[in-house]
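Below you'll find the structure, written out as structure tokens, and then a few comments.
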Amino acid sequence: MNRDAQRRAAAEAAAKLVENGMVVGLGTGSTAAHFIDALIRRVRDEGLKITAIPTSLRSDRQAREGGIKMASFANVRQLDLTVDGADQIMRGSLDLVKGLGGALLREKIVAAASKRLVIIADSSKLVDHLGGKIPVPVEVVKFGWESTATRIEKLGATPVRRWPKDTDQPFQTDGGNYILDCTFGALDDPAGLERALSHTIGVVESGLFIGMADTAFVANATGVEKLTRL
């Protein structure tokens, strides 16, 4: 299987966890889109009855167009299950780097409100140490973002404001914030860094998801492996 086929296989494995009556969190990104597609097929072909809370406008649109009933935190306080992708998954702990798709704040809000967070990915996302060549996305408020970047630099990062190619505007999240892609190198203490970022003035949220995932479906060329947090 190529990587996209692997992601689809992982997504379909996770979709089998969804049962009638569940409230399901829908992640964001190409791998999460495969999961949403799998749910749409189950709703259409099996009559699966669920409600969902999306982590981005694009996931909301995909799910609605596929016939999935949507909910919000105005009428739901806890979700049964959230399924999402990740940019890195640390072996053993299942700590994560997320947010290269730009939805890390909403993803973390939905994950924190869920009984279970299940991650789906291809095997290239599985690592021994978080960080390295992959930056940690950090969502920051627009006002004074330069000052916030300076404070993050003092934590050992090289922060770069995200600026999509072929555009004349920096990237903005669905919440209207900027993202700084912060290269730290290999992270010796991801939990400590997550705490330091959370206490940095101007930071809204970081893409470090520490101790949140309990299961991951990771696909490789021969199949899908189910990992559980040690």
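Per-residue Cβ neighbour counts within 10 Å put Lys108, Lys98 in the sequence Lys108, Lys98, beginning with the fewest. The distance from the alpha carbon centre of segment 61-110 to that of segment 171-215 is 16 Å, rounded to a whole number.
Rounded to the nearest 20, the size of the Cβ-charge dipole of segment 61-153 about its Cα centre is 360 debye, with Lys and Arg at +1 and Asp and Glu at -1. From a point 7 Å beyond the Cα of Lys226 in the direction of its Cβ, which residues of segment 11-46 have a backbone N at a distance under 14 Å? Counting only backbone N, you get 11-19.
Annotation: amide H of Glu225 within the under-5 Å range of Val218, Ala219, Asn220, sequence separation 5 or more or interchain, hydrogens built in the peptide plane. For segment 31-159, the square roots a ≥ b ≥ c of the C-alpha gyration tensor eigenvalues yield an a/c of 1.5 or more together with a/b exceeding b/c, which makes the shape prolate.
Relative to the globular-protein estimate of 2.2 N^0.38 Å, the Cα radius of gyration of segment 131-206 stands at 1.05. For segment 92-184, rounded, prolate or oblate, judged on the Cα gyration tensor with a ≥ b ≥ c (square roots of eigenvalues), a/c < 1.5 rounded, else prolate if a/b > b/c? Judged from the Cα gyration tensor, segment 92-184 comes out prolate (a/c at least 1.5, a/b above b/c). With the simple spin-label model, which puts each label point 7 Å out from Cα in the Cβ direction, the Asp174 to Glu19 separation comes to 2.7 nm.
Remark: the chain carries a charge dipole of roughly 420 debye about the Cα centre, counting +1 on each Lys and Arg Cβ and -1 on each Asp and Glu Cβ. Each peptide in 121-128, 52-59 was scored by the mean count of other Cβ atoms within 10 Å over its residues; highest first, the order is 52-59, 121-128.
Annotation note: trypsin sites (Lys or Arg not before Pro) in segment 137-212 located in DSSP loop regions with a Cβ neighbour count of at most 15 within 10 Å are Lys142, Lys154, Lys165.
Computed over segment 131-206, relative contact order equals 48 percent, with contacts defined as Cα pairs under 8 Å that lie 6+ residues apart. FRET efficiency for the pair Ser72 and Ala5, taken as 1/(1 + (r/R0)^6) with r the Cβ-Cβ distance and R0 = 41 Å, rounds to 0.75. Computed from phi, the 3J(HN,Hα) profile of segment 204-210 under the Karplus parametrisation 6.51, -1.76, 1.60 (θ = phi - 60°) reads 8, 6, 10, x, 8, 10, 9 Hz, with x in place of Gly and Pro. In terms of other Cβ atoms within 10 Å, Val110, Val136 run from fewest to most in the order Val110, Val136.
The length gained on full extension between Arg64 and Lys115, counted as 0.36 nm times the residue separation minus their Cα-Cα distance, comes to 16.0 nm. With q set to 0.07 Å⁻¹, the log10 of I(q)/I(0) for the chain, from the Debye formula over equal scatterers at the Cα positions, is -0.21.
Here's the picture: charge each Lys and Arg Cβ at +1 and each Asp and Glu Cβ at -1 in the chain, and of Ile68, Leu94, Ser30 the one pushed furthest to the positive end of that dipole is Ile68.
Quick check: from the Cα gyration tensor, does segment 102-143 come out rounded (a/c under 1.5), prolate or oblate? It comes out oblate by the Cα gyration axes.
For Glu146 and Arg44 in one chain, what is 0.36 nm times their gap in residues minus the Cα-Cα distance, to one decimal in nm? Could the numbers behind the result be given before it?
On the way: separation 102, 0.36 × 102 = 36.72 nm, distance 4.82 nm.
Here the answer is 31.9 nm.
Just so you know, all these numbers are worked out from the coordinates, no wet-lab data involved. The structure displayed is predicted, hence computed values, not measured ones. Because the Cβ atoms are built from the backbone with ideal geometry, glycine has one as well, and the counts that use them run over all protein chains shown.
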